[in-house]
Amino acid sequence: MRWFPKLVLWSMLTLSCLGAVSTLLNTEADPAPILLKRTLEQQMAIQTAVSFAREWMRWDGEELPEARVQRLKPYVTPDALNRVSALQPEQKAKRQEIISSEFVALTSSSGSRYTVRIRVIAATPERVVWEADVPVWVQAGKGAAVTAPPLIRLPQEPPAVPETGSGESAASAEVKQRMRPAIESFLKAVCEGKDADSLFNYVATGSNVKPLEGRLRFIALDRLEATGTGPYQVAVTFSAQDAATGFRFTQMWKLTVTEENKKFFVGSVE
């Protein structure tokens with residue numbers, strides 16, 4: 001019996017140690033910190049590549065080489081700075097200004113090294129599109145650095161977006177015919193109306209649709225498609241004109257439409 005308390009004590013110590021080891025193993029196996037670190041690295045690589053590409057592809061024959069080096073210095077590892085910044089203009093070289101730079105794709109080669117595909121839209125003054133693969137190395141907590149000159153690529157075509165149906169049957173031709181004048185009046189009111197009162201006869205109770213205060217002029221309703229049996233999901237394509245400049249363009253809106261007492265009212269606009 002004298003050994004019994006010691007046996008209980010040793011059993012409790014053993015269980016405690018096993019629990020501590022289990023907790024330690026679970027902590028080490030937890031993938032969340034690793035995934036978070038990887039995500040942060042990828043975001044840093046993308047942001048660095050986007051900003052760098054915008055600076056690197058701004059070409060100006062009148063810019064001094066030293067000034068170009070200073071522009072690129074925050075993004076490039078020191079050992080590669082001279083190679084990356086090197087630019088040899090011709091006597092009659094045109095100046096290239098950057099309109100925008102955007103992320104396209106990301107691949108990881110090894111460890112913290114990434115290749116970031118960037119699309120750059122420039123003006124020479126003609127509008128041109130470039131794509132470039134930017135090699136970036138990331139050190140968590142310190143930053144990212146471009147390690148070599150970008151690799152110029154042919155720009156890819158934008159992806160074709162597949163059509164997604166609502167799953168509901170199309171509204172009848174009779175419903176769309178009755179709906180069309182109401183939608184035309186609504187579009188004119190929302191484009192050219194000055195305040196919420198101008199939409200009173202066209203929107204459903206509780207709708208938060210607001211007019212564009214006359215900034216657009218409604219020209220014509222070109223297409224109307226409706227699905228459902230009420231409320232209806234309505235897709236409209238119409239022509240509009242910018243009131244300030246006079247330029248015409250196309251708008252495609254998605255409307256939620258209800259029918260009350262044989263009158264149609266718009267609940268929302270997307």
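For the Cα atoms of the chain, what angle does the longest principal axis make with the long axis of helix 173-192, in degrees from 0 to 90, nearest 10?
The angle comes out near 80 degrees.
Hey, can you find the accessible area per residue of the stretch 25-172 for me, probe 1.4 Å, expressed in square angstrom?
66
May I ask you to rank 77, 39 by accessible area, largest first, using a 1.4 Å probe over the protein chains only?
On the way: 77 40, 39 65 Å².
Putting 77, 39 in descending order of accessible area: 39, 77.
Rounded to the nearest 500, what is the 222 nm mean residue ellipticity of the chain from helices alone, with -39500 (n - 2.57) per DSSP H run of 4+ residues and division by all residues?
The per-residue figure over the chain is -10500 deg cm²/dmol.
On a 0 to 90° scale, report how tilted helix 3-29 is relative to the longest principal axis of the chain, with both axes built from alpha carbons and the result rounded to the nearest 10.
The angle comes out at about 50 degrees.
Among 230-241, 99-110, 211-222, 152-163, how do they line up from the highest to the lowest mean number of other beta-carbon atoms within 10 Å?
In descending order of packing, they fall as 230-241, 211-222, 99-110, 152-163.
Cα-Cα over 32 Å: which of 176/210; 37/210; 37/254?
Flagged as over cut-off: 37/210; 37/254.
Mind checking the angle between helix 32-56 and the chain's longest principal axis? C-alpha axes, 0 to 90 degrees, to the nearest 10.
60
Kindly list the residues of the stretch 95-117 that lie in the label zone of residue 126, defined by a backbone N under 20 Å from the point 7 Å along the Cα-to-C-beta vector.
Residues 95-100 fall inside that zone.
Counting only protein chains, not ligands or nucleic acids, how are 127, 71 ordered by accessible area (probe 1.4 Å), most first?
So, going from the largest accessible area down, we get 127, 71.
Roughly to the nearest percent, how much of the accessible area of the stretch 64-196 is carbon and sulfur, given a 1.4 Å probe?
55
Over the stretch 143-270, what relative contact order in percent results from Cα pairs under 8 Å that are six or more residues apart?
Values: 212 pairs, mean separation 26.4, N = 128.
The normalised contact order for the stretch 143-270 reaches 21 percent.
The values are calculated or read from the model by the stated rules, or taken from the named source; none is laboratory data. Keep in mind that this is a model prediction, so the values were computed, not measured. Please note: Cβ atoms are built from the backbone with ideal geometry, for glycine as well, and neighbour counts cover all protein chains shown. Note: areas computed on protein heavy atoms with side chains; ligands, DNA, RNA excluded. Shrake-Rupley method; radii C 1.70, N 1.55, O 1.52, S 1.80 Å.
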